[in-house]
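Read through the structure below, which is laid out as structure tokens, and then see the notes.
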Amino acid sequence: MNRVYLVASKNMDATLKELEEGISAAGLTWAEYELNVNGAAAVTQIKEGNTAVLMETIAADFLMHDFSAVDAVVIAGAQGMSDVVAQKFNDSLATALDAKIYSDSEDADLFCPKRLLKCPKCLAKDLAEAPAERRTSQAMFRAGLLLKASKVKKRIVLPEGSEPRTVQAAKLVIDRKIAVPVLIGKKDEIFKVAKEQGVDLPADIEIIEPSAELAEKYVPTLVELRKSKGMTEEQARAALADNVMLGTMMLKMGEVDGLVSGAIHSTADTLRPALQIIKCAPGVKSVSSVFFMCMPDKTYIYGDCAINLNPTAEELAGIAMQCDDTAKAFGLPSRVAMLSYSTMNSGKGPDADLVREATKIVKEARPEMLVDGPLQYDAATVPSVGSLKAPGSTVAGKATVFVFPSLSAGNIGYKAVQRSAHGTISIGPMLQGLAKPVNDLSRGALVEDIVYTIALTAVQAG
């Protein structure tokens, strides 16, 4: 994995030369990355508190470059900014790109001293101790998610086609080339909503107008799929009057690649058709969910925080394996911590035994998977605690994926972090285990939330 260095100095040219000489002297190859950012616009965004948006934009540009052939990437930091803004910019950029700041000692107090490498000896030590993997920051994960989605360009059906936030999100998805949105709804109503929202929809945007004639196309298949439940043609026609069921049938028939709903539908109304029609993927016994917990400097996966109330050991093992698959699919490292109130054999009781049994099942099913448990959250995340409580563990102290023992624990856990850890953004829930991707929105979802959920769905479909 590349090591990234950010030059933060008033004497940029001299410090840049010193850094490059140090990297070359260590026998490593390097490349320069030139920031594609307007200085005046960046200052405005920082002052207005839009640093996260700015860093995501830079991360997206960074990801468009191929640095696979070099050991280190060198970036010139803030220029033409006041000292205070420059410090904020450099610190945020270092977090976004998981970079070390290299500066001369004269500027050490000005440019984020806690991140600084000030001398060739410091550089040599850092190069020697460079970790095998870079952390995936919030900016890098979000930018990478949109990039992955844009590469697969999947068709995502939106049953709530005339809902204002959905209309706005569809326009952004088109503009950013993230996916091909397919809106279900009356065309006149959708364009009316778009006009009211100040959204200029392209004339060729794909809109499916629900009708009795259209529904009839899916009646025979729906009856066949639900015959064991005694569904009649009349019942099928009634079910297809709901846009979510209509969209689900389009997905089942391969006319679209994924479905996103929930802005005005309940979770049950979104998921019920998927569970009835799409069903689980081969070899999967139950559906689960994950949240991508995007902290400023890293991204974790939490599961299951939205679906399974009190999973059995077998179900908990299944959730862990699904989370492992998700991490790898989205380019995140996977070290899975099976969470509990105790670490390893320190605690007794049926809840700890459940997690212990689930961990055993996972290890037997996937010997190559990095998983351990039971682990307390601090033992899973803090190296010093992990080495003390679970010596020799491949996961303790460095977990990246967290499997909660129950819905109560998971839901409380993700919301506590989301609301209490400064700068954290949660993306999800994303459903795992379905044969084709269907994802649910919160009814309080922002336009941005819908855009990222569409991107998640597109990546799953790809």
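Residue under question is MET369, and the condition is that it be at pLDDT 95 or above, of a type outside the set (Lys, Arg) and in contact with a Lys or Arg (Cβ under 8 Å, 6 or more places away or on another chain); does it hold? Yes.
Scanning the range 189-204 for residues that are closer than 26 Å to MET253 by Cα and modelled with pLDDT of 95 or more turns up just one, ILE190.
On inspection, GLY433 passes the criterion of being surrounded by 20 or more Cβ atoms within 10 Å (Cβ to Cβ), touching a helix residue (DSSP H, G or I) at 6+ places or on another chain (Cβ under 8 Å) and not aliphatic (A, V, I, L, M). Residue-level check: of (1) over 25 Å from PHE141 (Cα atoms); (2) free of Cβ contacts under 8 Å to residues at least 12 places away in the same chain, ASN50 misses just (1). Of the helices (runs of 4 or more DSSP H) entirely within the range 1-95, those holding at least 1 residues that are within 28 Å of the chain's Cα centre (by Cα), of a type outside the set (A, V, I, L, M) and loosely packed, with under 14 Cβ neighbours inside 10 Å occupy 39-47.
The residues on offer are ASP71, ASP61, ASP98, ASP66, and the sole one that is on the phi > 0 side of the Ramachandran plot and at pLDDT 90 or above is ASP98. Among the residues making up the range 241-277, a single one is under 26 Å from the mean Cα position of the chain (by Cα), farther than 22 Å from PRO164 by Cβ and of a type in the set (S, T, N, Q): THR248.
On the basis of being of a type in the set (Gly, Ala, Ser) and buried (at least 19 other Cβ atoms within 10 Å of the Cβ), does GLY444 make the cut? No. Would you point out the residue of the range 178-214, among those that are in a helix (DSSP H, G or I) and small (Gly, Ala, Ser), that is surrounded by the fewest Cβ atoms within 10 Å (Cβ to Cβ)? Checked the range 178-214; the qualifying residue surrounded by the fewest Cβ atoms within 10 Å (Cβ to Cβ) is ALA212.
The values are calculated or read from the model by the stated rules, or taken from the named source; none is laboratory data. This is a predicted model, so every value here is computed, not measured. So basically every Cβ, Gly included, is an ideal-geometry build from the backbone, and we count neighbours across all protein chains shown.
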